[in-house]
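Trainee: Structure below; questions to follow.
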Amino acid sequence: MKAKILVIGDIHGALRALTQVLEKVHLRNGDSLIFMGDYVDGWPESAEVIDYLIALSKEFPAIFIKGNHDIQCASWLLGNEADASWLENKDEPMIQSYSRIDAERRQLHLDFFSSLKDYYIDSENRLFVHAGFTSMKGPSEEFFSSNFNNDRTLLETALAMGSNGNLDPIFYPKRLRLFKEIYVGHTPTTKYGITTPIHAGNLWDMDTGATYHGRISAMDVNTKELWQSDLVESLY
C-alpha cells in the first residue's frame, strides 16, 4: 500500500477530534503529515494538542505550518501583552489549558511554536500555507510575512473561479498557476455552508470549521481520500 501524505486542517484545541480523525486514517509506517496551523484557541485542550503533536512528530515525519492563532499564543506565552481582539475571541479555554502546565512543558511548547514554518513547498510543487500570499512572484517574494497567516485574497480569487477554474493560461490567476496545487486553512468552509474541504481552481481549503460548528479534516494529497472527525461540539 502506497504511503499517505496527509494534510490536516485547523485544530483549535480540539484534541478529541484530532485523535479521532487520525484513528480513522490508520497511520502506517511511511505515512507523513502536513498540519495547516491554528493548533490552539477555541476548544479546551490547546496545550494538550501541542503535547500530542510533539509526540506524534517523533513517530511520523511531520510539517507544521504557522497559523495566526499560534503566533498570538506564542507571544502570550513569552509574557507579551495579548492583543485585545484575541483576548475577546477564543482565549479563555486556552489560558485555562496552559494554567495546567509547568515551566518545562511551556518551554517545549515555545520551542515548537518557534519551529513552525510560514509555508512549505513539496517536491511536487505543491504549496502549503496557512492563509495565503499576495506577491505575484510567489511566497519567497512576499513583502509582508503576516500575509502567510492572515491573507484571504488567494482563497477568494480561487473561489471566484469555481471548482474547475478557467484553465486558459491567459486568464488563470498568476498567483495560482505558480504551483501545481495550493493548500490553505484559516478560512472555515462552514462560512460558505460547506462541511468538507473546498476545491476551487487548483486550491484546497482544509479548514472545515473545527473552531465553530464543524469538523477536523484530513486528506491524502495524492488520492484525495478524505477523513473527518465528528462535529467537534459533539465531542465536548
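Values in this text are rule-based calculations from the coordinates and carry no lab data. Note that the structure is a prediction, hence the values are computed from the model and not measured. When we count neighbours, we look across all protein chains shown, and the Cβ atoms used for this are built from the backbone with ideal geometry, even at glycine.
Trainee: Taking a label point 7 Å from the Cα of E104 along the Cα→Cβ vector, which residues of region 8-50 have an amide N closer than 19 Å to it?
Mentor: Of the residues in region 8-50, 47-50 have backbone N under 19 Å from the label point off E104.
Trainee: Only Lys, Arg, Asp and Glu count, each charged at its Cβ (+1, +1, -1, -1), so figure out the dipole size of the chain about its Cα centre, rounded to 20 debye. Provide the component values of the computation, followed by the final result.
Mentor: Values: 22 positive and 33 negative charges, 159 e Å.
The calculated dipole for the chain is roughly 760 debye.
Trainee: Another one. Run a plain Debye calculation on region 1-44 (Cα atoms as equal point scatterers, no solvent) and give log10 I(q)/I(0) at q = 0.21, 0.28 Å⁻¹, rounded to two decimals, same order as the q list.
Mentor: Listed by q, the Debye log ratios stand at -0.71, -1.03.
Trainee: Could you sort out which of K4/K174; K137/K224; K58/K117; K24/K224; K4/K24; K4/K58 sit more than 21 Å apart by Cα distance in this structure?
Mentor: On the way: K4/K174 29 Å; K137/K224 28 Å; K58/K117 18 Å; K24/K224 15 Å; K4/K24 13 Å; K4/K58 17 Å.
Flagged as over cut-off: K4/K174; K137/K224.
Trainee: Would you calculate, for the chain, the mean residue ellipticity at 222 nm contributed by helices, counting each DSSP H stretch of 4 or more residues as -39,500 (n - 2.57) and dividing by all residues, to the nearest 500? Provide the component values of the computation, followed by the final result.
Mentor: Details: 10 runs with 80 residues, N = 236.
Dividing the helical sum by the residues of the chain leaves -9000 deg cm²/dmol.
Trainee: What residues qualify as long-range amide H neighbours of Y183, i.e. H under 5 Å apart, gap of 5 or more or another chain, H built at 1.01 Å from N?
Mentor: Correct list: L127, F128, V129, W204.
Trainee: Report Rg (one decimal) and Dmax (nearest whole number) for the chain, counting Cα atoms only, units Å.
Mentor: Gyration radius and largest Cα-Cα distance of the chain: 17.1, 56 Å.
Trainee: Non-local amide H neighbours of H12 (under 5 Å, H modeled in plane, Pro and chain starts lacking H): which ones?
Mentor: Under 5 Å from the amide H of H12: Y39, V40.
Trainee: Alpha carbon centre of region 195-228 versus region 21-63: separation in Å?
Mentor: Computed from Cα coordinates, the inter-centre distance equals 16 Å.
Trainee: For region 1-82, which trypsin sites (Lys or Arg not before Pro) are in a loop by DSSP, counting at most 16 other Cβ atoms within 10 Å?
Mentor: Values: sites: K2, K4, R16, K24, R28, K58, K66; in loops: K2, K4, R28, K58, K66.
Sites meeting the loop and neighbour criteria: K2, R28, K58.
Trainee: Once phi is turned into θ = phi - 60°, what whole-Hz ³J(HN,Hα) does the Karplus curve with 6.51, -1.76 and 1.60 give for every residue of region 47-54, x standing for Gly and Pro?
Mentor: These are the phi-based 3J(HN,Hα) values: 4, 5, 4, 5, 4, 5, 5, 4 Hz.
Trainee: Using alpha-carbon pairs under 8 Å, 6+ residues apart, how would you state the relative contact order of region 184-236 in percent?
Mentor: It rounds to 27 percent for region 184-236.
Trainee: Lys and Arg at +1, Asp and Glu at -1: add these up for the other residues within a Cβ distance under 15 Å of E59 and post the number.
Mentor: Details: positive: K4, R28, K58; negative: E23, D31, D51.
It works out to a net charge of 0.
Trainee: Residue by residue through region 194-207, which ³J(HN,Hα) values in whole Hz follow from phi under the Karplus form 6.51 cos²θ - 1.76 cosθ + 1.60 (θ = phi - 60°), with glycine and proline marked x?
Mentor: In residue order, the calculated couplings are 10, 9, 10, x, 8, 10, 9, x, 10, 10, 10, 9, 9, 7 Hz.
Trainee: Please tell me the relative contact order of region 5-235 in percent, rounded to the nearest whole number, where contacts are Cα pairs under 8 Å and at least six residues apart.
Mentor: Details: 477 pairs, mean separation 55.0, N = 231.
Computed value for region 5-235: 24 percent relative contact order.
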